[in-house]
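Working notes, structure below.
The values are calculated or read from the model by the stated rules, or taken from the named source; none is laboratory data. Because the structure is a prediction, the values reported are computed rather than measured. Note: ideal-geometry Cβ built from the backbone for every residue, glycine included; neighbour counts use all protein chains shown.
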Amino acid sequence: MKPHSSSKAFSLIELLIVISVIGILLAIAAPNVFSLLNAHTLTGEGTLLRNKLTLAQQKALSGNADVEFRFFKMADLENAESESQYRSFQLFMHNSVGEMEPITELLRIKPPVYINERMSTLIEGGTASGKYEVTEGGKKVEREYKGFRFKPDGSTDLGGRSSAGDTWYVVLVQGTENLGGTLPNNYFVVQLDPYNGRVSEYRP
Amino acid sequence: MKTFLLVRRRVARHTAFTIPELLVAMTILSMLLLMLAGMIDQVQKAWTYSESRVSQFREARVAFDIMAKNLSQASLNSYWDYRYETQKSVQVPKSYRRTADLQFLVVDGEKVLGKNAPTQMLFFQAPLGFSRKYPSMNNLLNGRGYFVYFGDDTNFKPSIIKSVPKFRYRLMEFRPTTEDNMIYQDSKPMRDKGEDPAFSEWFKLGLDPTNSKTNTHPLADNIVALVVTPRDTIEEKGQDTSSKIAPSYEFDSSNHVVSDFRSQVPPLVRLTLVAIDETSAIRLENGSTMPSVVDASMFSNSKNYLSDIENLKQKLSDQRLNFKVFSSLVAIRSSKWSAFSGDENN
């Protein structure tokens, strides 16, 4: 005897229901997954900045020379028309003829992670500033920078801030909407002690 | 009837899964999921473990290097001078001996800052050139100090961060500027009177480790012990770690009783740092209560240095804490050690 034909395959209705259920589940999960990925990039960029600050201090200590940490104001790499912001940094070291020589390549904080300039005291209060020719999108362009120096004993030339308890820090956030004056829910703050050059990080 | 039933059963078997089939499938699925979750958990743990280990001990290593580098420049600028009878109208030299206006000090932390400062504190003077007004003068004299302190980070974190205070053992650095160096303040009137300089307060000025506006800043988190052993040139021989010049670790170059090391910097200093990682510190954390790490009996006699270190390591591993011991023998360049210090009758 032949089995009933309808029990051999899924009906269109059944398939539609299954697909829509999968769709609903994906729709619920997607924002979470995206924010997780973004949080991961924030951590990545923050750790990069933190590591390079430590590297600068160690270079100054081991090379017994000043190391300058410069933040460069430039446009977004993908969108040349975008507003110039402090998005990149590079390390420079005093060479034997007394000039500042780059010791790393130009490193970029990649969108959607941004430096919140308004809250970053380390950029606002930098002791060095000027213009330097960097390569941007294959072309050489002069860009504004602000920075500070690590001294050979591992300290910095920043000095203390007047307000109680505050030291120097850079605030990294994700998304341009978080570039205001308040700290968003997700942040990565890299703090620098001006006296002993200690780098520490703060995350929610 | 019989055939009908048989057919029904066969049809039923083909159209749907039976409960046992479903159960078996679900069990296998859940077992697979459990295994997967376990694996992800393991990877996650290994990642956090190595990450915190690397970053934590990197900070400790940098701090250790900075400390050793600065300590190796410690100086006393000692000189030879007459010592006069005091309070006599006729000034007759009593003796001719080595003296110094600076001080090198290793002291039990609890004596200075109470029980929140376990193990030793190290204070010295060195030409480190840290000045507010004259940043380009690289050889200005500075006081410098290192010690371990248990406290919270409220005053040291950026004011925009509103997190719960983190209570940790920290390696603190006392670093007054040249302008704040009060080393001569106490000794001058005494030297004018022909007495030996007495040092008491220079290293306490702005020492308060709970206030960020003072001269003390954290250098590294999660350092649970700083052991400083001043040594003379005789090297450590195997198990014998006793230090002749600092049997109880304590050393004061202005000490007038032990003439052997009066006004001298020790030629060698064994620096030992014990660091734990952040994950371990979180495990130890108990609000503002100081978790017991170094027993009071430890590091009070330099003869027991090795066994104390072993005991501490054992204690930390018993609590399943991740730790690292940094140790190095630092040579002080300006030391011109000699057992003869002038008069022998003090």
- Item | Residue list for the stretch A:175-202, filter: hydroxyl-bearing (S, T, Y) and within 18 Å of B:N155 (Cβ to Cβ) | A:Y195, A:S200, A:Y202
- Output the number of the condition that A:T104 fails; it satisfies all remaining conditions of (1) within 30 Å of B:A68 (Cβ to Cβ); (2) within 14 Å of chain B (Cβ to nearest Cβ); (3) part of a loop (DSSP other than H, G, I, E, B). (2)
- When you look at B:M67, is it crowded, with 23+ Cβ neighbours inside 10 Å and either touching a residue at least 12 places away in the same chain (Cβ under 8 Å) or of a type in the set (A, V, I, L, M, F, W, C) (or both), yes or no? yes
- Item | Options A:K140, A:K131, A:K110, A:K151: the member that is on the phi < 0 side of the Ramachandran plot and at pLDDT 85 or above | A:K151
- Task: Mind listing whichever residues of the stretch A:110-134 are of a type in the set (F, W, Y) and either touching an Asp or Glu at 6+ places or on another chain (Cβ under 8 Å) or farther than 20 Å from A:Q191 by Cα (or both)?
- Result: A:Y132
- Query: Can you pull out the residues in the stretch A:26-59 that are over 11 Å from the mean Cα position of the chain (by Cα), at pLDDT 85 or above and not hydrophobic (A, V, I, L, M, F, W, C)?
  - Reply: A:P31, A:N32, A:N51, A:K52, A:T54, A:Q57, A:Q58, A:K59
- Note on the structure: Residue set A:Y169, A:Y145, A:Y114, A:Y86; condition within 14 Å of another protein chain (Cβ to nearest Cβ) and within 21 Å of A:N51 (Cα to Cα); output residue A:Y169
- Message: Which of the numbered conditions does B:Q103 fail, given that it passes all the others? Conditions: (1) in contact with a Phe, Trp or Tyr (Cβ under 6 Å, 6 or more places away or on another chain); (2) more than 13 Å from chain A (Cβ to nearest Cβ); (3) part of a strand (DSSP E or B).
- Response: (3)
- For B:V148, all conditions in the list (1) under 30 Å from B:S292 (Cα atoms); (2) of a type in the set (V, I, T); (3) modelled with pLDDT under 80 hold save one; what is the number of the exception? (3)
- Task: Evaluate the following for B:S253: is it buried (at least 21 other Cβ atoms within 10 Å of the Cβ), at pLDDT below 85, closer than 22 Å to B:F124 by Cβ and in contact with a helix residue (DSSP H, G or I) (Cβ under 7 Å, 6 or more places away or on another chain)?
- Result: yes
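Quick grid of which residues meet (1) at pLDDT below 85; (2) surrounded by 10 or more Cβ atoms within 10 Å (Cβ to Cβ); (3) within 14 Å of chain A (Cβ to nearest Cβ); (4) out of contact with any strand residue (DSSP E or B) (no Cβ under 9 Å at 6 or more places or on another chain):
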| residue | (1), (2), (3), (4) |
| --- | --- |
| B:T3 | yes, no, yes, yes |
| B:I19 | no, no, no, yes |
| B:S30 | no, yes, no, yes |
| B:D41 | no, yes, no, yes |
| B:V90 | yes, no, no, yes |
| B:R98 | yes, yes, no, no |
- Those residues of the stretch B:146-167 which are within 12 Å of chain A (Cβ to nearest Cβ) and within 18 Å of B:F64 (Cα to Cα), in sequence order: B:Y146
- Within the stretch B:116-136, of all residues that are at the interface with another protein chain (Cβ under 10 Å from one of its Cβ atoms) and at pLDDT below 85, the one surrounded by the fewest Cβ atoms within 10 Å (Cβ to Cβ) is B:R132
- Could you list, in sequence order, all residues of the stretch B:158-181 that are within 24 Å of B:K115 (Cα to Cα) and assigned to a loop (DSSP other than H, G, I, E, B)? B:V164, B:P165, B:K166, B:F167, B:R175, B:P176
